[in-house]
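Trainee: Mind looking over this structure? Questions follow.
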Amino acid sequence: MSGFKIKVPDNATKVLSDKPKRVQALLQQYGQAISRSRSAGRRVSFRVDVDPEGEMVVTPVEDDALATPALLEEDGTADAGLEQALAAARARGRSKAAEILERADMLSADDFARLLGTTRVTVNTKRQNGQVLGLDGAKRGYRFPEWQLDSDGKPFAALPILHERLGGAWAVYRFLVQPHGELDGLTGREALERGRSKQAIAAAAESVGRDFR
């Protein structure tokens, strides 16, 4: 790609120049969003969380409302019934997510760090890099499935690739807990536990292809 220039406020220049990987990660996510939007024929979203130190977490937003194009009446106003249906779908999604995050196998960052024998900071860094699976709970913070570890007690080695292929933590979670025909009916998690990482990654790529068809 040929080089290009962008203008940023003076007070942000030093932060961005000190950490070019932050800009790279943001632009990569933007490029992925464009690609997914064009392939799916609909809008997609991603969220950027920035702390006072400039650390950044980019999270794809998986919203049921984005999966259905907005339908307009002849007078240009949104159909009230559709809006109500979308609102109900979003509410069901939030309720289901909360139910999942409250399960006993969903650990806090501190508990997961103790399980790995490391620190909370390291766990959050690994989450940002896709090395571990952390699910965002608006009220309870991130939760980490206890079962994402292999027989050696380490996070599945395929997790970074799955994050890259599937585009978000919740998408990775769904892949891991749902059975797949490409894996002879095994869930993604079961395939990884049985050492079938290559097949699991291939199945993840196929699932993305189905979503875009």
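The values are calculated or read from the model by the stated rules, or taken from the named source; none is laboratory data. Since the structure is predicted, the reported quantities are computational estimates derived from the model, not experimental observations. Glycine also receives a Cβ, built like all others from the backbone with ideal geometry; neighbour counts cover every protein chain displayed.
Trainee: With the structure loaded, tell me whether PRO160 is in contact with a Leu (Cβ under 8 Å, 6 or more places away or on another chain) and in the same structural domain as GLU99 (by the TED database) or whether it fails that test.
Mentor: In short, no.
Trainee: To continue, here is another question. Can you tell me which residue among ARG127, ARG143, ARG114, ARG90 is over 26 Å from GLN28 (Cβ atoms) and either at pLDDT below 95 or in contact with a Gly (Cβ under 6 Å, 6 or more places away or on another chain) (or both)?
Mentor: Answer to the check: ARG90.
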